[in-house]
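What follows is one structure encoded as structure tokens, with my remarks underneath.
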Amino acid sequence: MPPDLHLNGFASHRLTHESNLNSYVRIEDKATDDIAQHDAMFHPPIMSQTDRDFRFPFFFCIFLLSASFVVWAQTPGTPATPSVTLPGSENPFLGSAPEGKATAEVLQIDFKEAIDRGLRNNLGLLLASDQTEQARGQKWKELSDLLPNVSGRVIEDAQTQSLAALGFNKLFPLLSAPGSSTTSLPRLVPAFNFFDARASLSQSLLNVQSINRERAANEGLKAARFTYKDAREMVVLAVGNSYLQAIAAAARVETAEAQVQSAQALSTKTTDQQKAGVSPAIDALRSQVELQNRQQQLIVARNDLAKQRLSLARIIGLPPGQEFVLTEKAPYQELMPQSLEAYLTRAYANRADYQAAQAQVRSAELAKRAAFAGHYPTVDFNANYGAIGVTPSQSNGTWQVTGGITIPIFAGNRTHGDVLESDAQLKQARSKLEDLRGRIDYEVRTALLDLTAAADQIAVARSSVDLAEQTFTQSQDRFAAGVTDNLEVVQAQEALAAAHESYIQSLYAHNLSKVELAYAIGDAEDGVKRFLRGIQ
């Protein structure tokens, strides 16, 4: 594991008012120490030939989670509309096999620890590992048709025979010597026994179909290994995204708490002024409504944070009910991207899912050759050696060697059907490869666009927060001087809350776009830690 990289400074408190009525959470840059090693993430898997695409459902889940933050940002004081999640198949990268049992200890989870736990317990990675084992087993099954098959057996046989049932009584008169007085044989042969111990060997000397099947299975195993590598990067994506969302939710809670304190102070001062006859009752009512709105926003933010923490715990495999705290913060670190062509070249060379798709195409090509080889003759060799006799001590050694050529003449067009089926599978594999190549181009381009847009949004959001704080400070001064009522203060407080939310959302989007770019070029496992520090 590379050295830890600690991301500090996601949310810091800043006092901006002389009257000490307000305290808002301001997300500012701080120096980064060292983040943690990552071990794989982003984009969906290609698991095996039949279920290689977890991609769409995974990104659909990511889209829904991100969209929820946008809705929250648009209506920061309004609770989200309750919805029902119907049971169904969940994306495996959003689940895990919990590790151990919950303890009374409060775990300190940094980014590195979260990634490490995800790589041990994430369900998607566990399934990918199992599918690799399945592919290895299939390879050995196909190889077994080309290897010698040796077997041994020991037989002790005791039996009687019915000569009448075999027709000897009818044949005996015809075969007996002239003048013989015996006209029939006994109906049963007296009991007899024999012993046989024998070793047998069978070997396929030439079977083009089996050879190509074994080669196809070997390519399938390579594809499964690349799929497992891609699954590791998927885990890094899933954990990183969930961790960043939890950090953003925590920043929203801090912001909401500061806003409640400010609204409480404003309400208290307005009430005192009303009692003193300085302010009208409408001002007191307005400040109370604003306070309740901020309290409602805080309830929603805390609930959202709790759910985000539960989601992260599910992904990294924490025991149900285990208490933990997140120790990392996510600052803004500018990343100067390379050219689009350089990223695309790296992506096509490094993406594990692309290499798996190429292996699937080679496997399908060999499978088609194997199907056509059903027209070819096969050469086989068989031999056995053993001892046979009445008893082991009275046995004699015997042996047999056979060799033969089997020439297929007509098998009911079975080979023709196999060829058609394998050809269709080859076309599908090639189409999926071309689609994936286009999707890689799309993902790299969109990751760069998101990175640039998020960086611009952060710059605008910072300026908005500064302007909103100045506006709020002036509105407070005007209200304290009796120049205006508290409506101006309430409106400035709303604008400042929206500015902070915009900054939190843009910072989350910027860090997530770095993770997306790292995966898009096939370098998530090693590149995420550098990208979050602003290093290529």
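No lab work stands behind these numbers, since they all come straight from the coordinates. Predicted model, so just to flag it, every value in this text is computed and none were measured. Quick reminder, even Gly has a Cβ in these numbers, built from the backbone with ideal geometry, and neighbours come from all protein chains shown.
Tabulated data
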read-out: Neighbourhood charge, 13 Å Cβ-Cβ cut-off, centred on GLU434 and excluding it, Lys, Arg +1 and Asp, Glu -1; value: +3
read-out: Computed over region 225-322: relative contact order in percent, which uses C-alpha pairs under 8 Å that are six or more apart; value: 41 percent
read-out: Förster-model FRET efficiency, 22 Å R0, LEU487 and GLN296, C-beta, rounded to 0.05; value: 0.65
read-out: Residues SER129, SER393, SER363, sorted so that the one with the fewest Cβ neighbours within 10 Å comes first; value: SER393, SER129, SER363
read-out: Zone residues, region 381-413, relative to SER202, backbone N less than 18 Å from point 7 Å out along Cα-to-Cβ; value: 381-386, 400-408
read-out: Loop GluC sites (Glu not before Pro), region 320-401, which have at most 16 other Cβ atoms in a 10 Å radius of their Cβ (DSSP); value: GLU323, GLU334
read-out: Dimensionless Rg ratio for region 220-331, taking C-alpha atoms and the 2.2 N^0.38 Å reference; value: 1.71
read-out: Listed residue pairs exceeding 25 Å between alpha carbons, taken from LYS112/LYS139; LYS139/LYS368; LYS229/LYS329; LYS229/LYS514; LYS222/LYS427; LYS222/LYS432; value: LYS112/LYS139; LYS229/LYS329
